[in-house]
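The values are calculated or read from the model by the stated rules, or taken from the named source; none is laboratory data. Since we're looking at a predicted model, the values are computed, not measured. Virtual Cβ from ideal backbone geometry, glycine too; neighbours counted across all protein chains shown. Ligands, DNA and RNA are excluded from the accessible area calculation, which covers all protein heavy atoms including side chains. Shrake-Rupley method; radii C 1.70, N 1.55, O 1.52, S 1.80 Å.
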Amino acid sequence: MKQADLVIIGGAIMGACLAYFLKKDLGFEGSVIVVEKDPTYANSSTTLSAASIRQQFSTPENIQLSLFGRRFIGELQDRFGPQADIGFCEDGYLILATEAGLPILQSNHAIQMANGADNILLDPAAMKARFPWLNTDDLAAGCYGQSGEGWFDAHMLLDLVRKGAIAAGVHFIKGEVVGLEKTGNRVSTVTLASGERIACGAVANCAGPQAGKVAAMLGIPLPIEARKRTIFVIDNPKPHPGMPLMVDPSGVYVRPEGNVYISGVGPGAEIDTAVEHDDLDPHYDLFEEVIWPTLYERMPGFDAIKMVNAWAGHYEYCTLDQNAVIGAHPEIENFYFNAGYSGHGLQHAPGAGFAVGELFLHGEYRSLDLSIFGYERVLANKPVREMNII
């Protein structure tokens, strides 16, 4: 039987970051095994995401996680060498609000500024001057990220972190976890679909959209499920200079991607339900019914757009409050959560990996206190609402 001081379930960006920081930055000398069922990451939430980063959240801890992620992006070449380029495009977010949404936008902006974000509120005239292609007729304001916000290549970031973790002594193995066994109040064994068993000192649940199913192996109710999100690739012949990632009050977002654009929107409640791990069929009807008319109204230059491709990925959706569940289980003392980010996991993975690594190693958060996201709030049914989910 294999043995490891820590077994991490899930080897995409969450598991890879935890493993990397634990070994590289925090100096953990024990053994770490990361179990990943698909080492190609073809269907991973990490690689199928829109791959962006922002400070525009309403929860201070989420803002701090984003700031940590931005610092980490700035350190990539120092950490991994001069070839470490993830194509970071720091063109910001522009989150728009009508009069009805203005109080929330203003409140969020105040929280962001108090936590070190570099964002500004723009009135309609200022937005029109900066983004002349934008229809501001029905808008009250927009919040724009002047620095620290943008998008990048998720595949490249995952590859760098994963290879960095391996170089630091982490073992990645291919396998699907199908069972967890306890001895007393501790997880003692991880069982794989192959029949292989791994004796463990501790387990970290970084299984993304499948984290709820992993927790259920221990009889732990965890309100995390896979929800499908579709991303559309759009061709548009008319230029929109200086375009940030724009979020319309309707929830539709759009940003440049080389010579094309990508766009998406959350599906309506009637179809936004849990899906199986292999359900990756795009919701094509969202383009014609929601996205195209919204973009046409918001940016008249999008009158001749054409959808040229689409793909679907999975949010690891926390049904309690759309915030992550992070930290140690209060009773099973060697079982850790790091999942449920509901669409903002990629940008928060570095900070969360470092923080959970500290908690595992020292029994407490020392640099970034994420106790607000602890499992205790799930037990008490006390949600921590994030007001800025995209």
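Here VAL187 fulfils each of the conditions (1) more than 23 Å from the chain's Cα centre (by Cα); (2) under 27 Å from LYS24 (Cα atoms); (3) open to solvent by 70 Å² or more (accessible area, probe 1.4 Å) apart from (3). Can you confirm whether the stretch 220-234 contains a residue that is open to solvent by 30 Å² or more (accessible area, probe 1.4 Å) and farther than 30 Å from PRO330 by Cβ? Among the residues of the stretch 220-234, at least one is open to solvent by 30 Å² or more (accessible area, probe 1.4 Å) and farther than 30 Å from PRO330 by Cβ, which makes the answer yes.
Within the stretch 30-76, the set of residues being of a type in the set (Gly, Ala, Ser) and either touching a Phe, Trp or Tyr at 6+ places or on another chain (Cβ under 6 Å) or in contact (Cβ under 8 Å) with a residue 12 or more places away in the chain (or both) comprises GLY30, SER31, SER44, SER45, SER49, ALA50, ALA51, SER52, SER58, SER66, GLY69.
Within the stretch 85-93, is even one residue over 25 Å from ARG130 (Cα atoms) and surrounded by fewer than 20 Cβ atoms within 10 Å (Cβ to Cβ)? Can you show your working first?
First pass over the stretch 85-93, keeping only residues over 25 Å from ARG130 (Cα atoms): 85-86.
Still in the running and surrounded by fewer than 20 Cβ atoms within 10 Å (Cβ to Cβ): 85-86.
Yes: one or more hits.
Only one of the numbered conditions (1) in contact with a Gly (Cβ under 8 Å, 6 or more places away or on another chain); (2) farther than 24 Å from ILE332 by Cα is not met by ALA211, and that is (2).
Taken over the stretch 277-293, the criterion of being modelled with pLDDT of 95 or more and either under 16 Å from PRO209 (Cβ atoms) or within 20 Å of the chain's Cα centre (by Cα) (or both) is satisfied by ASP279, LEU280, ASP281, PRO282.
Here is a check on your reading of the model: is SER250 within 26 Å of LEU102 (Cα to Cα), among the hydroxyl-bearing types (Ser, Thr, Tyr), under 22 Å from the mean Cα position of the chain (by Cα) and open to solvent by 40 Å² or more (accessible area, probe 1.4 Å)? So SER250 fits the description; yes. Mind listing whichever residues of the stretch 205-220 are in contact with a Phe, Trp or Tyr (Cβ under 8 Å, 6 or more places away or on another chain) and assigned to a helix (DSSP H, G or I)? Of everything in the stretch 205-220, those that are in contact with a Phe, Trp or Tyr (Cβ under 8 Å, 6 or more places away or on another chain) and assigned to a helix (DSSP H, G or I) turn out to be PRO209, ALA211, ALA215.
Checking the stated criteria, ALA110 turns out to be farther than 22 Å from GLY264 by Cβ, of a type in the set (A, V, I, L, M, F, W, C) and surrounded by fewer than 20 Cβ atoms within 10 Å (Cβ to Cβ).
One line per residue, one yes/no per condition, for (1) touching a helix residue (DSSP H, G or I) at 6+ places or on another chain (Cβ under 8 Å); (2) among the β-branched types (Val, Ile, Thr); (3) open to solvent by less than 20 Å² (accessible area, probe 1.4 Å); (4) farther than 18 Å from LEU67 by Cα:
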position	(1), (2), (3), (4)
ILE104	no, yes, no, yes
ASP123	no, no, no, yes
ALA126	no, no, no, yes
LEU134	yes, no, yes, yes
ASP138	no, no, no, yes
TRP151	no, no, yes, no
LEU158	yes, no, yes, yes
HIS171	no, no, no, yes
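Among the residues of the stretch 201-217, those identified as over 20 Å from HIS277 (Cα atoms) and either free of Cβ contacts under 8 Å to residues at least 40 places away in the same chain or surrounded by fewer than 24 Cβ atoms within 10 Å (Cβ to Cβ) (or both) are GLY201, ALA202. Against the list (1) open to solvent by less than 10 Å² (accessible area, probe 1.4 Å); (2) closer than 30 Å to PRO267 by Cα; (3) not in a loop (DSSP other than H, G, I, E, B); (4) not hydroxyl-bearing (Ser, Thr, Tyr), the condition ILE198 fails is (2). Six or more apart or on different chains, Cβ under 8 Å: which pairs go from a residue in the stretch 113-135 that's in contact (Cβ under 8 Å) with a residue 40 or more places away in the chain to one that's open to solvent by 70 Å² or more (accessible area, probe 1.4 Å) and aliphatic (A, V, I, L, M)? Could you list them? Matching pairs, first to second residue: ASN119/MET113.
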